[in-house]
Structure formats: structure tokens, C-alpha cells
Amino acid sequence: MKVVVLTGAGVSAESGVPTFRDADGLWEGHRVEDVATPEAYDLQPSVVHRFYDARRAALAGVEPNDAHRALAVLEEALGDDLLVVTQNIDDLHERGGSTRVLHMHGELRSALCRGCRSRVAWTEDLGDYPPCPRCGVSELRPDVVWFGEIPYEMDRIMAALEEADVFVSIGTSGAVYPAAGFVQYAAAGGARTVELNLEPSAGSHLFDDARHGPASVLVPAFVRELLG
Ligand code: OAD
Ligand code: ZN
């Protein structure tokens with residue numbers, strides 16, 4: 001049984017990481033276009049750095065929850081037949097025990113050099129313009145896919161979706177493409193599709209099965225069901 005799991009901010013919500021589309025429409029007090037576009041970075045790099053430096057530092061204060069841990073249990077059982085594709089830039093899947101994780105929107109704990117294009121593991125601040133460990137140029141930006149940029153690993157993701165028997169979407173609003181289109185792609189390839197989300201997402205009707213409630217409850221129950 002080949003399973004592809006797509007996760008969004010909702011899987012980390014109960015760990016205390018805020019989601020994007022909260023009631024006030026702001027992300028930690030910022031409009032998304034002020035911190036998550038290449039244009040914002042060109043105009044005000046220090047604002048963007050301060051924002052992501054704070055997000056990266058905040059990772060130290062959060063822990064994976066039962067949803068992350070259940071996906072690690074699923075990986076133990078399925079091995080290479082499970083792929084977790086996450087839109088999240090936090091590291092909670094890895095800290096929950098998952099090893100087969102693709103971060104399609106990049107990672108907080110990575111920096112991207114605008115000089116040599118290297119992606120380097122990074123745990124410190126970037127706002128003080130440290131030099132790139134590869135080329136020495138002080139042009140490191142957050143290794144995060146901003147609006148208008150192309151997500152990572154699309155070839156591997158599409159190939160896995162084509163082969164999937166089950167596609168599970170967890171904690172994502174279905175508002176951002178290409179991830180929002182994965183359900184139709186997986187279904188066209190013959191996968192059973194399941195949504196696990198706090199409330200119906202924008203694409204809820206596209207799934208064979210949609211269950212609504214907190215991820216920390218729904219995901220462990222679904223994993224038990226899948227392995228039972
Ligand atoms: P959103 O904030 O758009 O959606 C989060 C979803 O999680 C919503 O549908 C909530 O109902 C649901 N949710 C909240 N708490 C939950 C819980 N405890 N259990 C289950 N579900 C819960 O976040 P994403 O869909 O991840 O991109 O957003 C997609 C992309 O938009 C992000 O990766 C980011 C953002 O702009 C970039 O930064 C490129
Ligand atoms: Zn470099």
C-alpha cells in the first residue's frame with residue numbers, strides 16, 4: 001500500500017505554531033505579502049529576516065504532537081511506501097520521528113545563498129548577514145518558497161502521487177496551489193483520497209472521505225485504521 005500524506009499548518013497548530021489564515025487574516029501580525037514574497041525581501045530584507053529569525057527561534061519552544069508522532073508510526077510500518085509532503089517550514093515532522101519528508105515550501109532550518117545557490121543547514125539568525133559557508137558571500141536568505149516562486153521537489157511529489165493507493169491531506173486550507181491540486185491528481189491516478197482537517201477545506205468535496213476535527217485525534221485514529 002503506497003501512501004502519500006500532504007500536511008499543512010493545521011498539523012502543527014496544536015503544537016503552538018500559528019496557522020496562516022487565522023481570523024484576522026494576519027500571520028503573526030504581518031500581512032503575508034509583506035514577509036513572504038521576493039519583492040518584500042528586495043525592499044526590506046531586514047524586516048523579512050527579523051520575521052523568519054523569530055519563527056526559527058520559536059521552534060525551540062514547540063514540540064511535535066500526536067499527529068506528527070502517528071505519521072512516524074505509519075512510516076515505521078510502511079517504510080518507503082510512505083511519503084510525507086509538507087507545506088510547513090517547521091521541523092516538527094522530523095522531531096516527531098519521520099524521516100521521509102519533503103518540504104515543498106522550504107525549511108526554517110535551512111538557508112539559501114543568493115550568491116552560489118547552495119542550500120545549507122542553518123539554525124542561527126540570518127538578519128546579521130552572515131557569510132555563506134560555501135562561497136563566503138553574505139547573501140543568505142531564508143530557504144523558504146515565497147509567493148511567485150516554484151515549490152521544491154515537484155517531480156518527486158507528482159511521481160509519488162501517480163503511484164499512490166491512498167492520499168491523505170491533513171491540516172491544510174486548500175487555498176494555495178499547487179498543493180491544493182494534489183487531491184485531483186492522486187484521484188486521477190486511482191488513489192483513495194481522505195481529508196483530515198479541523199473544518200471542511202476549500203476542496204473538501206474533492207475527497208472520497210472527509211473527516212473533521214483536531215489533527216491530534218484524527219490522525220492517530222486514521223493511522224490505526226490504515227494499519228489495522
Ligand atoms: P492555512 O492556515 O491556510 O490552513 C490551515 C488549515 O488547518 C485550516 O483549514 C484549519 O481549519 C486547519 N486546522 C487548524 N487547526 C487544526 C487542527 N488542530 N487540526 C487540524 N486542522 C487544523 O495553512 P496551509 O494550508 O498550510 O505558504 O497554508 C498553505 C500555505 O499558505 C503555507 O505553506 C504558506 C501559506 O502562505 C508559503 O509560505 C509559501
Ligand atoms: Zn554561497
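What pairs come out if I take residues in the stretch 158-173 that are at positive phi and in contact (Cβ under 8 Å) with a residue 24 or more places away in the chain and pair them with residues that are in a helix (DSSP H, G or I) and surrounded by fewer than 20 Cβ atoms within 10 Å (Cβ to Cβ) whose C-beta lies under 8 Å away, six or more apart or interchain?
Taking only residues 6 or more apart or on different chains, the pairs are 171/13.
Does the stretch 99-110 include one or more residues that are on the phi > 0 side of the Ramachandran plot and touching a strand residue (DSSP E or B) at 6+ places or on another chain (Cβ under 6 Å)?
Yes; the residues of the stretch 99-110 include at least one that is on the phi > 0 side of the Ramachandran plot and touching a strand residue (DSSP E or B) at 6+ places or on another chain (Cβ under 6 Å).
Among 175, 188, which is the only one that is over 19 Å from residue 102 (Cβ atoms), surrounded by fewer than 18 Cβ atoms within 10 Å (Cβ to Cβ) and within 11 Å of ligand 1 (Cβ to nearest atom)?
Matching residue, one of 175, 188: 175.
Quick one: which of 83, 102 is under 21 Å from the mean Cα position of the chain (by Cα), surrounded by fewer than 21 Cβ atoms within 10 Å (Cβ to Cβ) and hydrophobic (A, V, I, L, M, F, W, C)?
That would be 102, the only listed residue that is under 21 Å from the mean Cα position of the chain (by Cα), surrounded by fewer than 21 Cβ atoms within 10 Å (Cβ to Cβ) and hydrophobic (A, V, I, L, M, F, W, C).
Of the residues in the stretch 38-49, how many are in contact with a helix residue (DSSP H, G or I) (Cβ under 9 Å, 6 or more places away or on another chain) and closer than 15 Å to residue 143 by Cβ?
Counting residues in the stretch 38-49 that are in contact with a helix residue (DSSP H, G or I) (Cβ under 9 Å, 6 or more places away or on another chain) and closer than 15 Å to residue 143 by Cβ gives 3.
For the stretch 203-214, which residues satisfy the criterion of being in contact with a strand residue (DSSP E or B) (Cβ under 6 Å, 6 or more places away or on another chain) and part of a helix (DSSP H, G or I)?
Listed by number, the list holds a single entry, 204.
What are the residues in the stretch 194-205 that are at pLDDT 95 or above and surrounded by fewer than 18 Cβ atoms within 10 Å (Cβ to Cβ), if any?
Result: 198, 199, 200, 204, 205.
I'm trying to understand the selection: among the residues of the stretch 132-150, which are loosely packed, with under 13 Cβ neighbours inside 10 Å and within 16 Å of ligand 1 (Cβ to nearest atom)?
147, 148, 150
Take the residues in the stretch 109-121 that are without any contact (Cβ under 8 Å) to a residue 24 or more places away in the chain and outside any strand (DSSP E or B), then tell me which one is farthest from residue 80 (Cα to Cα).
116
Is it the case that the stretch 164-182 has a residue that's within 16 Å of ligand 2 (Cβ to nearest atom), out of contact with any strand residue (DSSP E or B) (no Cβ under 8 Å at 6 or more places or on another chain) and part of a loop (DSSP other than H, G, I, E, B)?
no
Please work out which residue is farthest from residue 89 (Cα to Cα), limiting yourself to the stretch 130-156 and to residues that are touching a residue at least 40 places away in the same chain (Cβ under 8 Å) and within 16 Å of ligand 2 (Cβ to nearest atom).
The qualifying residue farthest from residue 89 (Cα to Cα) is 141.
For residue 126, only one of the following conditions fails: (1) touching a helix residue (DSSP H, G or I) at 6+ places or on another chain (Cβ under 7 Å); (2) more than 16 Å from ligand 2 (Cβ to nearest atom); (3) outside the structural domain of residue 214 (by TED's automatic domain parsing). What is its number?
All conditions pass for residue 126, except number (2).
The values are calculated or read from the model by the stated rules, or taken from the named source; none is laboratory data. Worth saying up front: this structure is predicted, and the values here are computed from it rather than measured. Virtual Cβ from ideal backbone geometry, glycine too; neighbours counted across all protein chains shown.
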